[in-house]
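Structure first, commentary second.
Read-outs: derived from the displayed coordinates by stated rules, not from any lab. None of the values given here were measured: they were computed from a predicted structure. Virtual Cβ from ideal backbone geometry, glycine too; neighbours counted across all protein chains shown.
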Amino acid sequence: MNFAFAGTPDFAAWVLADLVALGRRPAIVISQPDRPRGRGRKAASPAAVIEADRLGLESFQAEDVNDAAVLARLHAIGAATLVVVAFGQILRPPLLESFLCLNVHASLLPAYRGAAPIERALAAGEPCTGVSIMRMAEGLDDGPWALQSSVSVGPRDDTGSLGRVIAVMGAMGLDQVLTGLADGTVGWTAQQGMATYAAKLGIADCRLDPGKGAASVHDQVRSLSPGIGAWSASGGLEFKVWRTWPYGQPGLQPLPSEGAGVSGRPGEVLVSGSRLFVGCGQGAIEVLLVQPAGKSKMAASDFIRGYGARLGGWLDSPDKRVPGRRASGEPQPPQ
């Protein structure tokens, strides 16, 4: 089947690579324009474009995928189907009416419709999520699905590791659906149950919130790793937290004696030898991987050696910053 592929971030690039590994090469790859990224905010190509180049696939970037020129190009290559994976734009008629538009969505719909299904599922502490291969309609991720696959989520999973697994599942599921479309065996199932929404991440989602229980704080951190990071500061020292472990709540390991002093004291910082603990609303987290503003990621023990003397006794409140000023270590709004 002659199909086109539309996707933008790492997740789309992973699905694209896995599809090609399964023998499914799209006729063309569509992605969004280059955007400013990284510390220097320099324009960079989307991950899907970089992967398409690596795979020797033709690609182009569209400011609006619904533009008539895009439709004309898809018709010119004879595409019957448009596969959409985390593209980042809303498809509208006549695009939806001109092609069979399939979406590889990283959730078990109708759960976590929207832009950030993996991140929101992790932040919510979901024990299970998955992927849906659905037919796109005008509503937000509300079309019928042809295939769903589920996966268990462990406490050490983050957006990167879980996303990579779901991408493989998505490519395999899409391969099955494309085969079924060719031989006429695909059936469509309307979404059932209450829908939940996975809104695009904002700055507030990226600030470490120690007021929650330790498990929820840990879930927040892993939902933002490895691409964004949970931003915080102490004693004026700004940093991102990339990896943690939670203690001291029902169902969790007991808090080690070294960190017992901050249990249930949200935002209190404790350095104990080479270990770094932060109190939470219930229990505490141990910080394992951290990144000072403008520096590389490092183990907590290295962070303590280099920066421990600069830490205050508590995490700084965002209210202490000058109004309207973004701290240098604070993330840019996710693209």
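A few notes on this one:
- Long-range amide H partners of residue 249 with built H, under 5 Å: none
- Residues 196, 189, 244, 8, ranked from the fewest to the most other C-beta atoms within 10 Å, line up as 189, 196, 8, 244.
- Region 3-198: relative contact order in percent, alpha carbon pairs under 8 Å with at least 6 residues between: 22 percent
- Sorted into 10 angstrom bins from 0, the C-alpha pair distances of region 203-320 split as 16, 53, 30, 2 percent.
- Summing charges over neighbours of residue 35, with a neighbour being any other residue whose Cβ is under 12 Å away from its Cβ, gives +1 when K and R count +1 and D and E count -1.
- Computed from backbone phi, the HN-Hα couplings of region 101-111 come to 9, 9, 10, 8, 10, 7, 6, 8, 4, x, 6 Hz, rounded to whole numbers (Karplus: 6.51 cos²θ - 1.76 cosθ + 1.60, θ = phi - 60°; Gly and Pro given as x).
- Calculated SAXS-style log₁₀ I(q)/I(0) at q = 0.19, 0.28 Å⁻¹ - region 102-157, Debye, Cα scatterers: -0.60, -1.12
- Only Cα sites of region 140-220 enter the Debye sum here, all with the same form factor; the resulting log10 I(q)/I(0) across q = 0.15, 0.18 1/Å is -0.81, -1.02, listed in q order.
- In terms of surrounding Cβ atoms within a 10 Å radius of their Cβ, 285, 304, 133 rank from fewest to most as 304, 133, 285.
- Direction-averaged projected area, Cα convex hull, the chain: 18.1 nm², rounded to one decimal.
- Each 10 Å bin from zero holds the following percent of Cα-Cα pairs in region 3-198: 9, 37, 38, 14, 1, 0.
- Fewest neighbouring Cβ atoms within 10 Å first, the residues 161, 263 line up as 161, 263.
- Using θ = phi - 60° and Karplus 6.51 cos²θ - 1.76 cosθ + 1.60, couplings along region 292-305 (whole Hz; Gly, Pro as x): x, 4, x, 10, 8, 5, 8, 5, 4, 4, 5, 4, 5, 4
- The chain, relative contact order [Cα under 8 Å, separation at least 6], %: 13 percent
- Residues with amide H under 5 Å from that of residue 314, placed H, sequence gap 5 or more: 235, 269
- Built amide H within the under 5 Å cut-off of residue 84, gap 5+: 6, 102, 103, 104
- What the phi angles of region 260-269 give under the Karplus curve with 6.51, -1.76 and 1.60, with θ = phi - 60°, is a coupling list of 4, x, 10, 4, x, 10, x, x, 6, 9 Hz, glycine and proline written as x.
- Prolate/oblate/rounded call for region 1-79, Cα gyration tensor, a/c under 1.5 rounded: oblate
- Each stretch of four or more DSSP H residues adds -39500 (n - 2.57); spread over every residue of the chain, this sum gives -7500 deg cm²/dmol at 222 nm.
- To the nearest ten degrees, helix 159-183 and the longest principal axis of the Cα atoms of the chain are 10 degrees apart.
- Considering only the chain, percent of DSSP beta bridges that pair antiparallel, nearest 5: 65 percent
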